[in-house]
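Remarks on the structure that follows.
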Amino acid sequence: MANARELKERMAGIQETKKITNAMYLISSSKMKQARKKLADTEPFFYAMQAEIARILRHVPDMHSHFFDGREKTPPERRKTGCIVITADKGLAGAYNHNVIKLAQEKLKEPGEHRLFVLGELGRQFFSKQDGLEVDTDFRYTVQNPTMHRARLITVKMTELFESGELDDIYIIYTRMKNAMQAEAEMIKLLPLKRLDFTPENIPYLSGVYREEITLYPSAHSVMDSIVPNYINGIIYGCLVEAYCSEQNSRMQAMQNATDSASQMLSELNMTYNRVRQADITQELTEVIGGANAQKRK
């Protein structure tokens with residue numbers, strides 16, 4: 001058993017670690033609240049974009065936009081798939097990074113040619129070590145500060161690759177918060193779009209006013225080509241913010257668990273320290289009494 005001095009030094013070290021984990025918990029909590037507010041402020045605009053796409057499809061059902069071109073004639077083994085994977089820049093966030101990477105690996109096992117666009121330093125380091133895997137280096141962004149500008153740059157790049165035929169399918173893999181205690185890795189198909197996704201039951205209502213009159217200038221196709229990139233931009237931005245919130249929430253839980261474990265260790269060590277101190281005091285008293293008795297016998 002360690003002596004009282006060693007136990008005291010260990011308790012002091014755990015106490016300092018507890019202060020650090022508690023501070024990281026508070027920082028992650030503040031960052032998550034700020035990110036959620038940013039997302040809530042921008043969501044109405046992109047819901048409006050989704051609603052306008054639905055209105056155009058309803059008024060011009062025979063319109064054929066290249067954004068809805070599923071390229072069905074291309075067999076699965078020859079389809080070129082691009083995946084945007086959002087991980088964290090650092091660890092200490094529980095299973096956050098593991099779950100995203102696992103879902104991306106499952107997608108890579110499907111037939112076809114795969115190309116990854118990884119955001120987050122941990123994900124880039126992991127996938128860059130995989131043999132035979134093409135990891136694009138265009139998106140070397142930090143994920144710590146999701147912005148609309150960054151989402152727009154990603155949107156421009158991905159839509160160009162889709163329109164040029166370099167990619168047939170584009171997905172985004174991120175982590176979505178289901179509630180304050182649970183998050184899960186999720187995959188969304190960005191392109192090509194599906195008409196079924198724009199049916200009335202899949203569109204969030206923005207207000208109680210039903211707007212049906214519509215004027216398309218110069219043409220429905222031109223309007224659609226202008227709206228869809230903004231809609232894709234909204235999805236990507238939402239995924240960036242949602243992933244950032246999930247990362248902070250996962251780190252909050254990890255730091256809370258670490259703080260609780262430190263408190264429990266301190267409690268156990270304090271009991272051990274008290275027992276050691278009591279044993280030391282008892283031994284000192286025994287030695288004093290033994291010495292006094294020896295003096296009396298003399």
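Solvent-accessible area assigned to carbon and sulfur over the chain amounts to 53 percent, based on a 1.4 Å probe. Rounded, prolate or oblate for the stretch 122-165? Axes are the square roots of the Cα gyration tensor eigenvalues, ordered a ≥ b ≥ c, and the cut-off for rounded is a/c under 1.5. The shape class here is oblate.
Is the shape of the stretch 21-136 rounded, prolate or oblate, going by the alpha carbon gyration tensor and its root eigenvalues a ≥ b ≥ c, with a/c under 1.5 for rounded and a/b larger than b/c for prolate? Oblate shape, in that a/c is at least 1.5 and b/c is the bigger or equal ratio.
Helical runs (DSSP H, four residues minimum) scored at -39500 (n - 2.57) apiece and divided by the length of the chain put the mean residue ellipticity at 222 nm at -21000 deg cm²/dmol. Among the listed values (i) 150; (ii) 121; (iii) 166, the one computed from these coordinates for volume of the Cα convex hull per residue in Å³ is (iii). Report note on the peptides 231-241, 181-191: ranked by the mean count of other C-beta atoms within 10 Å, highest first, their order is 231-241, 181-191. For His64 and Glu134, a Förster radius of 35 Å and the Cβ-Cβ distance give a FRET efficiency of 0.70, rounded to the nearest 0.05.
Most simply put, the chain has about 35% antiparallel DSSP beta bridges, counting only bridges with both residues inside it. When each of the peptides 220-229, 73-82 is scored by the mean number of other C-beta atoms lying within 10 Å of its residues, the order from highest to lowest reads 220-229, 73-82. If only the Cβ of Lys and Arg carry +1 and only the Cβ of Asp and Glu carry -1, the dipole of the chain around its Cα centre is close to 1520 debye.
Accessible surface computed residue by residue for the chain, with neighbouring protein chains in place and a 1.4 Å probe, gives 57 Å² per residue. Taking amide H positions as modeled 1.01 Å from N, with prolines and chain starts lacking one, the residues under 5 Å from Ala183 and 5 or more places away or on another chain are Lys178. Evaluating 6.51 cos²θ - 1.76 cosθ + 1.60 at θ = phi - 60° for every residue in the stretch 265-280, the Karplus couplings come out as 4, 4, 4, 5, 5, 5, 5, 4, 4, 5, 5, 5, 5, 5, 5, 5 Hz, glycine and proline recorded as x. Multiplying the residue separation of Thr286 and Thr17 by 0.36 nm and removing their Cα-Cα distance gives an extension gain of 93.0 nm.
Largest to smallest in accessible area, the residues His64, His59, His114 fall in the order His64, His59, His114 (1.4 Å probe, all protein chains included). Qualifying chymotrypsin sites (Phe, Trp or Tyr not before Pro) in the stretch 37-66, where qualification requires a DSSP coil assignment and no more than 13 other C-beta atoms within 10 Å, are lacking entirely.
The values are calculated or read from the model by the stated rules, or taken from the named source; none is laboratory data. Quick caveat, the model's predicted, so the values are computed rather than measured. Ideal geometry is used to build each Cβ from the backbone, glycine not excepted, and the neighbour counts take in all protein chains shown. SASA here: full protein model, heavy atoms, side chains in, ligands and nucleic acids out. Shrake-Rupley method; radii C 1.70, N 1.55, O 1.52, S 1.80 Å.
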